[in-house]
Amino acid sequence: MNRESELDRFKELNLSVIASAHGYEIDKKKSTRHSVLMSNGADKIIVSQNGQHYVYCSVHDSASNGTAIDFSQKVIEPGCSLGRVRQLLRPFLGAGYLSSIQQEYAGRFAAEIKPSTTDIAGVAARYSRFVPIAQFHAYLCDVRGIPFDLLQSDRLQGRLRHSPSQGSIVFPHWGCPSGTGSNERCLVGYEIKGQGVNMFSKGGRKGLWMSAAHKSDRSLAIAESGLDAISYLAMRSKEQVRVASLSGKMNPQQPELVKSAIERMGQGSQIIAAFDNDKAGDELTQRLADLVAEVGRSDLQFKEDRAQARGADWNQVLVEEARKSGRVQAMGLSFGR
């Protein structure tokens, strides 16, 4: 076996078995046949299969992800050489050693993980390449009317990233790693917005984007896109409002995430539908009202606060206000979703 083919063999090893040999144990209640949640007490990882390769990502550190090779260099012995990786993983290529490990740690790993089109580890790896917004951002500030001081506020710190080369904005979505509706949360995808760009991360799924929470918050406003959510935040900046976004219509996992966000609000809070003023927004508004009712808290109030003009969204409202004050450039921006 040459050295390159050996590396390929490492990537095909069942990573949950390797993790079990290094202190991790499967949480069966929070795992599915496509996605396995494992914990060693201090850390939690998700193991899945992408094609022929087993991959992982850390629940707490989006930069810790990849194949068994990456797991060796980032978790088992951080910073170790590729030569040391070979020493750590070669025993697992032997049938005898692998069998003994499987017997010793039976019940602590997943014997089989079905391949899935969702690639959480790949999402985490790609997201780690984007950078925080540290300077005035032409697209957000000049074109979309978002005040720079809002971007630098503690409400949005760590909640947005961007691509310096393309200027696109990235809104990270957090959700249940296994898709089972548990309380565990990790990066599951991200929404990308830019001039002529409106897309969602390859291999990811929609969770929930949220601004930072303050103990004094008494309002939670939910919008369709991350851009609309921070636009609403800008328009209601004098209020103690927490914002969230769905990135379009709800998928099967999002209702539970929304209800969880609602349940975390304090006594007497109001839940605000800040969706677009169109048919899709009408449907989401009714769906949100239903979810508030399902939570079953009589102290909560439901409120509809959408752009007044039919067909409008909150970023259009903000841009119009910013144009009146001369804060944005007239660049012929298209507001298509």
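Observations, loosely collected:
- The lone exception for Met1 - which of (1) at pLDDT below 90; (2) in a helix (DSSP H, G or I) it fails: (2)
- Enumerated helices (runs of 4 or more DSSP H) restricted to the stretch 250-337, each holding at least 3 residues that are in contact with a strand residue (DSSP E or B) (Cβ under 8 Å, 6 or more places away or on another chain), modelled with pLDDT of 95 or more and closer than 19 Å to Leu220 by Cβ: 254-263, 279-295
- Every pair of residues 6+ apart whose Cβ atoms lie under 8 Å, when the first sits in the stretch 271-294 and is over 21 Å from Leu233 (Cβ atoms) and assigned by TED's automatic domain parsing to the domain that holds Asp305 while the second is crowded, with 17+ Cβ neighbours inside 10 Å and of a type in the set (Gly, Ala, Ser): Ala289/Ala273
- Scanning the stretch 132-181 for residues that are among the polar types (S, T, N, Q) and closer than 24 Å to Val59 by Cβ gives Gln157, Ser178, Thr180.
- Note on the stretch 195-247: residues that are crowded, with 16+ Cβ neighbours inside 10 Å and not in a strand (DSSP E or B) total 24.
- Test: residue in the stretch 4-17 that is aliphatic (A, V, I, L, M) and within 26 Å of Gly175 (Cα to Cα): yes
- Of the helices (runs of 4 or more DSSP H) lying entirely inside the stretch 95-176, those carrying at least 2 residues that are under 24 Å from the mean Cα position of the chain (by Cα) and either in contact (Cβ under 8 Å) with a residue 40 or more places away in the chain or surrounded by 17 or more Cβ atoms within 10 Å (Cβ to Cβ) (or both) are 120-127, 148-151.
The values are calculated or read from the model by the stated rules, or taken from the named source; none is laboratory data. Owing to the predicted nature of the structure, the values given are computational and were not obtained by experimental measurement. Glycine also receives a Cβ, built like all others from the backbone with ideal geometry; neighbour counts cover every protein chain displayed.
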